[in-house]
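**Q** Once you've had a glance at the structure underneath, I'll fire off some questions.
Laboratory data are not the source of any read-out in this text; all were calculated from the coordinates shown. None of the values given here were measured: they were computed from a predicted structure. Glycine gets a Cβ as well: all are built from the backbone with ideal geometry, and neighbour counts include every protein chain shown.
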Amino acid sequence: MLLARRRGAVEQRIDGRGKLAPGGDRRAALAMAEAQVAQGHAVLLTTHDLGAAYEICDRITVMYGGQEVETAPVASFFGAPTHPYTAKLLASLPSASGGMVGIPGDVPNFYAPPPGCRFAPRCERASAACAVRPAPVVRAEGHRVRCVRPLSDAVLSDANPYNAALEPAR
């Protein structure tokens, strides 16, 4: 009975029949998302759980400080991130050895954010050009980034230690 109630609550959050609320069971959310897609409905998932996003989503959009910084298909997002924040975010995930690496610096002040790219104060690649928010640049099919100094493919292989663990593209 508890599982049925939880699935009902997740279903209400996903299809809009109830109030939006945080939380929920990942498996129930996945089952409900699959049911919605089977019915021809789109599903928008807002989460900090990249594992759930990997299982449920076709595309991922990363935001930092209220700004969209990168949008990509799931395989491209995990395999070849191009915004420095996305690469740092993926590198900060817990490793198999149990270690975690934080992202140095402070989050931006939401009441007085820095001009331009809000990640610039924490970014090792930042330059004066980052003071103006860049337009999105298409890097590959369906993959766009807002960065004046995006990561190159040569840097990507070293920046993302999770490439080897990825399943083949869906």
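**Q** Please list, in chain and number order, the residues 5+ apart from GLY116 or on another chain whose amide H is under 5 Å from its amide H, with Hs placed from the backbone.
**A** ARG133
**Q** What's the ranking of 129-142, 74-87 by average number of surrounding C-beta atoms within 10 Å, highest first?
**A** 74-87, 129-142
**Q** Full-extension gain between ARG149 and VAL107, please, as 0.36 nm times their residue separation minus the C-alpha to C-alpha distance.
**A** Gain on stretching ARG149 to VAL107: 13.1 nm.
**Q** Still on this structure, please answer the following. Per residue of the range 65-78, in order, report the coupling 6.51 cos²θ - 1.76 cosθ + 1.60 (Karplus, θ = phi - 60°) as ³J(HN,Hα) in whole Hz, putting x for Gly and Pro.
**A** Rounded to whole hertz, the list is x, x, 10, 6, 10, 7, 9, 7, x, 3, 4, 5, 4, 7.
**Q** Along Cα→Cβ, 7 Å out, is where each label goes; now give me the distance between the ones at ALA75 and VAL43 in nm to one decimal.
**A** Using points 7 Å along Cα→Cβ, the separation is 2.0 nm.
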